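Where a number appears in this text, it was derived from the coordinates with a stated rule and is not lab data. These figures come from a predicted structure and were not determined experimentally. Every residue, glycine as well, gets a Cβ built from its backbone with ideal geometry; the counts of neighbours run over all protein chains shown.
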Amino acid sequence: MEKAYKNCQSCAMPLSKDPKGGGSNADGSKSKMYCSYCYVDGKFMNADWTVGQMQDFVKGKMKEMGFPGFLAGFFTRGIPKLERWKLK
């Protein structure tokens, strides 16, 4: 049984903000661990990314949404501790 998380374990986005309600597993079920931007059909969208690339991407997205740079940096600091990156 997949544990339910509050935030995507790849990019840290709150899963409650995911328009699709979560990514999709290989069997078509909803992922309770990853968002629909990171995880589709049981595969990572950016499978070759490093944790640093994910942090830079999320910082950029947050700035586009109007978050100040220091806040975007603060929120992305925890990304290396997420489940996806712990495995590396």
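Key figures for this structure:
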{"item": "Highest-fluctuation residue, Asp56, Asp48, Asp18 considered, GNM on the chain with Cα pairs under 10 Å", "result": "Asp48"}
{"item": "Reach of Lys81 by Cα under 19 Å, taken over aspartates and glutamates that are not fewer than 8 positions away in the same chain", "result": "Glu2, Asp48, Asp56"}
{"item": "Net charge, Gly21 excluded, C-beta distance under 12 Å - Lys, Arg +1, Asp, Glu -1", "result": "+3"}
{"item": "Kirkwood-Stokes translational diffusion coefficient of the stretch 21-88, alpha-carbon pairs, 20 °C, 1.002 mPa s, µm²/s", "result": "167 µm²/s"}
{"item": "Relative contact order [Cα under 8 Å, 6+ residues apart], the chain, whole percent", "result": "26 percent"}
{"item": "Residue with peak Gaussian network fluctuation, the chain [Cα springs, cutoff 10 Å], from Ala12, Ala72, Ala26", "result": "Ala26"}
{"item": "Cα centroid separation, the stretch 57-79 to the stretch 12-52 (Å)", "result": "19 Å"}
{"item": "Members of Lys20/Lys86; Lys43/Lys63; Lys32/Lys63; Lys3/Lys43; Lys32/Lys86 lying beyond 22 Å, as alpha-carbon distances in this model show", "result": "Lys20/Lys86; Lys43/Lys63; Lys32/Lys63"}
{"item": "Gain upon complete extension [Ser29, Ala47; 0.36 nm per residue less C-alpha separation]", "result": "4.5 nm"}
{"item": "Under-5 Å amide H pairs with Asn7, H placed in peptide plane, nonlocal only", "result": "Leu15"}
